[in-house]
1. Run Trp75 past the list (1) at pLDDT 90 or above; (2) loosely packed, with under 12 Cβ neighbours inside 10 Å; (3) in a loop (DSSP other than H, G, I, E, B) and report the number of the one that doesn't hold.
2. Sort out which residues of segment 32-72 are assigned to a loop (DSSP other than H, G, I, E, B) and touching a helix residue (DSSP H, G or I) at 6+ places or on another chain (Cβ under 9 Å), and write them in order of number.
3. If I ask for residues that are more than 8 Å from the chain's Cα centre (by Cα) and either within 14 Å of Gln39 (Cα to Cα) or among the aliphatic types (A, V, I, L, M) (or both), which ones from segment 63-76 would you list?
4. Kindly list, by first and then second residue, each pair from a residue in segment 43-66 that is touching a residue at least 24 places away in the same chain (Cβ under 8 Å) and surrounded by fewer than 14 Cβ atoms within 10 Å (Cβ to Cβ) to a residue that is in a loop (DSSP other than H, G, I, E, B) and charged (D, E, K, R), limited to pairs with Cβ atoms under 9 Å and residues at least 6 apart or on different chains.
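The values are calculated or read from the model by the stated rules, or taken from the named source; none is laboratory data. If you're wondering where the values come from, they're calculated on a predicted model, not measured in any experiment. Note that each Cβ is placed from the backbone with ideal geometry, even for glycine, and that neighbours are counted across all protein chains shown.
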Amino acid sequence: MASNAVVCVGYFVLVLLSVSSEGSRHDGELSHGDILQRQEADRVVELPGQPAVDFKQYAGYVTVNESHGRALFYWFFEATSKPEKKPLLLWLNGGGESEAEGRGKEMMGEEEADL
């Protein structure tokens, strides 16, 4: 069951990586073993100062334009129950710094802090 979710994450990462110019085989496709290896490399096992969690999470970058050094950051959280039956949600934010700041305020509300 959980291994199906890991494979699902692998195929998701494979789709994202297909945008990149990276590839370990001549035809640009990744083997199942390559996918699992990359998944494990991106797995977040622990976060400093944070308690342990009982779900799997993965984070990393997917190159989208190697010549310009452009990449998308992703952080995947596996569902805590029946992950193999849950849909995958991909949420992308973009724009310049001022755009990102505005989106953050829009999503979380404006708050002021005295520093």
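1. So the condition that Trp75 fails would be (3).
2. Phe55, Lys56
3. Val64, Ala71, Leu72, listed by residue number.
4. Listed pairs, sorted by first residue: Phe55/Glu78; Glu66/Glu22.
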